[in-house]
Amino acid sequence: MTDVTVSLGANKYGKAENRVVRIYRDTPRHEIVDLNVTSQLRGQAFSDSFLTGDNSLIVATDTQKNTAFAFAKEVGIPSPEEYLLALGEHFVSEFDWVEGGLWQAEQYEWERITAGGRPHDHSFVRRGQATRLAAVQKADGATHVIGGIRDLTVLKSSGSAFTGFPRDKYTTLVETDDRIMATSVTGRWRFLPDAVAAGFDYNALYTEVVDVMLEVFASVHSLALQQTLFAMGKAVIEARPEIAEVRFAMPNKHHFVYDLSPFGLDNPNEVFYAADRPYGLIEGTIARDGAAPAPEAWLDIPQFV
Ligand SMILES: O=c1[nH]c(=O)c2[nH]c(=O)[nH]c2[nH]1
């Protein structure tokens, strides 16, 4: 028998998916912020817990959970990014053996219900459009902030073509200069480390980035989803000097023209079969020239889903 030795590699631990809902009720017109928060810590000091079960330096995942809820009151949630920055700063300063960590949030958005012809003060309906993403990573003494979005589902019923691709004996796809293009955008944008000062309006930036993405999706005459992806990232970086890099994953949600000829009907791009799988999966990174490349910390965050 050969002696096998092992060592502990990369690790982090914490509490995942804390469903933190903060209501601002200082006036009769309430505000709601609804987050799904994950907190994870890193540090050499945690090795002993993995290796021998010595928990003397383990900040319990239960404590991380409690802190996430307490900070929703103590700090508030002006934006998911600012809330995560405060959480991260707390853990590295409260416990000097915490070297870094990853704090992530998904935000579920609500809009006011219109009742009696006006927006209600304290009744909301979930906005189904998309989920906002935020992440803060502390590593090697640096802090990285990443914003994002998941499941922004968009469709254009014209203005999309796909032609000019190579053909071999397995190619059956018919070239088209008029097809439906639909996708569900997941994107993350990394902020330049020094571009964002305290009090920065992350919410306004998020709104603007989404608007820019939608505008480009609608207005670019698409020759490929790849081209649309790049154009969307380029426009986001051009619109906001704070953003170093955008990463996208875009499933191509195929809509196939349904053959109605057996029923004596023609179908000039009017009736489609929306296939849910398989789907094309187009992924890409668009980076600002001259910006510092992505730190390893950014690579640690799940990019493509
Ligand atoms: O926009 C597209 N990009 C592709 O790479 C591709 N491949 C395919 O079959 N359809 C499409 N559409």
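Every number here is computed from the coordinates shown, using simple stated rules; none is lab data. Given the structure is predicted, the values throughout are model-derived calculations rather than measurements. No Cβ is skipped: glycine too gets one built from the backbone with ideal geometry, and neighbour counts run over all protein chains shown.
Worth pointing out:
- Dipole axis of the chain (+1 Lys, Arg; -1 Asp, Glu on Cβ), positive-most option in ASN252, GLN104, ALA72: ASN252
- TYR279, TYR24, TYR206 arranged by Cβ crowding within 10 Å, fewest neighbours leading: TYR24, TYR279, TYR206
- Mean-position separation - Cα centroids, segment 247-293 and segment 155-194, in angstrom: 6 Å
- Gyration tensor (alpha-carbon) shape descriptor, segment 113-270, a/c threshold 1.5: oblate
- Residue-span extension gain [ALA70 to GLU109] - 0.36 nm each, minus C-alpha spacing: 11.9 nm
- Residue order, fewest to most beta carbons within 10 Å, for VAL210, VAL37: VAL210, VAL37
- Mean residue ellipticity at 222 nm, helices only, the chain: -7500 deg cm²/dmol; runs of at least 4 DSSP H residues each add -39,500 (n - 2.57), and the sum is divided by the number of residues.
- Extreme residue, positive dipole direction of the chain, given options ILE282, PHE200, ALA115 (C-beta unit charges): ALA115
- Nearest-20 debye value, segment 152-305 charge dipole, Cβ charges on Lys, Arg, Asp, Glu: 280 debye
- Between the residues SER7, PRO241, ALA224, the greatest Cα displacement towards the positive end of the dipole of the chain, with unit charges on the Cβ of Lys, Arg, Asp and Glu, is found for ALA224.
- When only the Cβ of Lys, Arg, Asp and Glu is charged (+1, +1, -1, -1), the dipole of the chain relative to its Cα centre reaches about 620 debye.
- Computed from the Cβ-Cβ distance with R0 of 51 Å, the FRET efficiency linking ARG126 to GLU270 stands at 0.95.
- Put a plus charge on the Cβ of each Lys and Arg, a minus charge on the Cβ of each Asp and Glu, and nothing anywhere else: the dipole of segment 1-106 about its Cα centre is then about 380 debye.
- Average Cα contact separation per residue, segment 9-139, under 8 Å, 6 or more apart, as relative contact order %: 27 percent
- Sequence-distant aspartates and glutamates (8 or more away, or on other chains) whose Cα lies within less than 18 Å of LYS234: GLU208, ASP211, GLU215, GLU242, GLU245, GLU283, ASP289
- Sorted by Cβ density within 10 Å, fewest first, the residues LEU133, LEU57, LEU173: LEU173, LEU57, LEU133
- ASN55 paired with TYR279, simple spin-label distance in nm, labels 7 Å along Cα-to-beta-carbon: 4.1 nm
- Taking trypsin sites (Lys or Arg not before Pro) as exposed when their DSSP state is a loop state and no more than 10 other Cβ atoms lie within 10 Å, the longest site-free interval of the chain runs over 1-166.
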